[in-house]
Amino acid sequence: MDRLIIRGGKPLKGEVEISGAKNAALPIMTASILTSGENTITKVPDLKDVKIMGALLSNLGIKFRHHNGIVVIDSSEIKNFEAPYELVKTMRASVLVLGPMLARYGRAKVSLPGGCAIGARPINMHLMGLEKMGARIKLDSGYVIAKANRLKGASIYFDTPTVTGTENLMMAAVLAKGTTILENAAREPEIIDLANCLISMGARIKGAGEGIIEIQGTDELKPIRKYEIIPDRIEAGTFMTIAGITRGDLLLKGCRREHLDALMIKLEDTGIAFKETKTGIRVTANNRPSAKDIRTMPHPGFPTDMQAQFMALMSIAKGTSIIKETVFENRFMHVAELRRIGADISIEGNTATVKGVEKLKGAPVMATDLRASASLVVAALCAEGESTIHRIYHLDRGYERMDEKLRQVGADIERVTS
Ligand code: EPU
């Protein structure tokens, strides 16, 4: 298992190329199931999760190639209709094959994802929506077994906005008969990206990115012709906190402010400065940040995927910051590890109180999930002395060449493979 050794304390300066967004690439890859032929997607990051999705598609009989950021998926033939436990347990986003398989082939057997480090994460709303569209669903031995004749349009209300739930139902609805309305739908930029890709395939979708999405089903879609994935706002946000905590100066190439507003406003309040340039966003920080409170929310609120990294930044802030996690019930796994690096954080229920300290001190720590790992990298880059971050396979699931990108801007970081 690889680990990272970081000797912190250096201000990081230079340019960082932001990769394509993992959480946009994964659903767009499954959208290829909706059509027959060769699909080409560009700016797909080289990540563990993308490889797992490739393996899942290959397991269905679909041909998958990924080279130099370009994914080619030949979905002419499907031989198998099952997403097995072995693949789904390693990546929850595997559930995104359910909607497209049911829409195109009228059948799918997908392992139930089960809980994970950050919460129970049920898929009840995905299933409720598909049932409303006419699917017959039963749960058997840990699998969702779904069948349908042609799906039909329906009005579906989400009790709480769900990102992959909205994506699954949007993909189911594009080939359904009639009109589907998704109410209280998720509004994340990745939803808009998927909708834009589906529209490029011939789908009729209105309102993606707003709370109500209207989809008129169609009989057939064209393959994806060179669709480019949006930049990864969470990778960009993570580098923003890195510039902040190291008092650095980073130009984040390719990222877009409109995807990052809530986070950037909060970071500006802490004292970090941003300047939009022709190529991206320049982030500079000269002083210790001021403490600010956050509450995670579905988009356009503060993203839960940035909570851990923001907490790392607040651990050295002037003052006390209150951090409330409202999206997932167990997303504080990084707290015990941040404490090992010297942070002063206490938790009560879904609220963390972070008392800023002047200095962090390097320590051995363990990554527990993707964004928790990122927060440990953020903290270690500012800590005095050496930190070793174990189990960084979590980081490799969602950050493309992060150690290399950090080294290029002056970080003292080393990957040890064992
Ligand atoms: N929920 C239900 N029932 C459902 C679906 C969701 O109760 O049927 C609940 C969840 O348990 C959670 C809330 O609704 O409390 C929101 O979860 P959501 O469904 O939106 O999360 P997701 O679609 O499983 C995606 C991202 C996550 C990101 C969340 C929230 C992908 C592949 N994953 O997950 O990304 O944290 O939205 O923004 O898009 C990550 O990249 O590190 C990551 C975890």
In terms of the alpha carbon gyration tensor, root eigenvalues a ≥ b ≥ c, rounded if a/c is under 1.5 and otherwise prolate when a/b exceeds b/c or oblate, the range 30-72 is oblate
Residue-ordered couplings for the range 101-113, obtained by feeding phi - 60° into the Karplus form 6.51 cos²θ - 1.76 cosθ + 1.60 and rounding to whole Hz (Gly and Pro as x), are 5, 5, 5, 8, 10, x, 7, 6, 10, 10, 4, 5, x
Length-normalised contact order of the range 22-228, Cα under 8 Å, at least 6 apart, in percent, tallies to 21
Sorted by chain and then number, the residues having a modelled amide H within less than 5 Å of the amide H of THR179, at least 5 places away or on another chain, are GLY153, GLY217
With Rh as the Kirkwood radius over Cα pairs, the range 138-248 has Rg/Rh of 1.09
Other residues with Cβ under 11 Å from the Cβ of GLN309 give, with Lys and Arg +1 and Asp and Glu -1, a net charge of -1
Between the modelled labels at ASN80 and GLN408 (7 Å from Cα along Cα→Cβ) the distance in nm is 3.7
Dividing the mean separation of Cα pairs under 8 Å (6+ apart) by the residue count of the range 1-67 yields a relative contact order in percent of 30
Given 345-355, 172-182, 127-137, the highest-first ranking by average Cβ count within 10 Å works out to 172-182, 127-137, 345-355
So, with points 7 Å from each Cα along the Cβ direction, the GLU131-THR417 label distance in nm works out to 4.8
Dipole check, the chain, charges on Cβ (K,R +1; D,E -1), about Cα centroid: among VAL95, ALA367, GLY349 the Cα furthest to the positive pole belongs to VAL95
As straight-line cross-link partners of LYS278, the qualifying aspartates and glutamates (C-alpha separation under 16 Å, not fewer than 8 residues apart within one chain) are GLU15, GLU17, GLU258
Here the alpha-carbon Rg of the range 22-228 over 2.2 N^0.38 Å rounds to 0.91
If every Lys and Arg gets +1 and every Asp and Glu gets -1 at its Cβ, then about the Cα centre the chain yields a dipole, in debye to the nearest 20, of 260
At the level of C-alpha centres, the distance separating the range 148-186 and the range 215-294, in angstrom, is 29
In nm, the gap between the two label points placed 7 Å beyond Cα toward Cβ at GLU38 and LYS324 is 5.3
Check: in the range 76-151 the Lys pairs 8 or more apart or on separate chains whose Cα atoms fall under 15 Å apart number 6
antiparallel share of DSSP beta bridges within the range 22-228, to nearest 5, in %, is 75
Here the gain from full extension of LYS13 to TYR105, 0.36 nm per residue of separation minus their alpha-carbon distance, amounts to 28.0 nm
Restricting to aspartates and glutamates and to Cα separations under 15 Å from LYS63, and discarding same-chain partners fewer than 8 apart, the set is GLU38, ASP74, GLU77
Between LYS226 and LYS51, the FRET efficiency computed from the C-beta separation at R0 = 25 Å comes out, to the nearest 0.05, as 0.70
Once Lys and Arg are counted +1 and Asp and Glu -1 for all other residues with Cβ under 9 Å from that of PRO189, the total becomes -1
By the Cα gyration tensor axes a ≥ b ≥ c (a/c under 1.5 gives rounded; else a/b larger than b/c gives prolate, otherwise oblate), the shape of the chain is prolate
Extension length gain for GLU386 and ASP2 (0.36 nm per residue less Cα distance), in nm, is 136.6 nm
Dividing the helical contributions, -39500 (n - 2.57) per DSSP H run of n ≥ 4, by the residues of the chain yields a 222 nm value, nearest 500 deg cm²/dmol, of -9000 deg cm²/dmol
Taking Cα pairs closer than 8 Å and at least 6 residues apart, the relative contact order of the chain in percent is 21
If the chain between GLU348 and GLU210 were fully extended at 0.36 nm per residue, the gain over the current Cα-Cα distance would be 46.3 nm
So, over other residues within a Cβ distance under 11 Å of LEU221, counting Lys, Arg +1 and Asp, Glu -1, the net charge is +1
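Values quoted throughout were computed directly from the atomic coordinates according to the rules given, and no laboratory measurement underlies them. Keep in mind the model is a prediction, meaning the values are calculated, not measured. For neighbour counting, all protein chains shown are included, and Cβ atoms are generated from backbone atoms with ideal geometry for every residue, glycine included.
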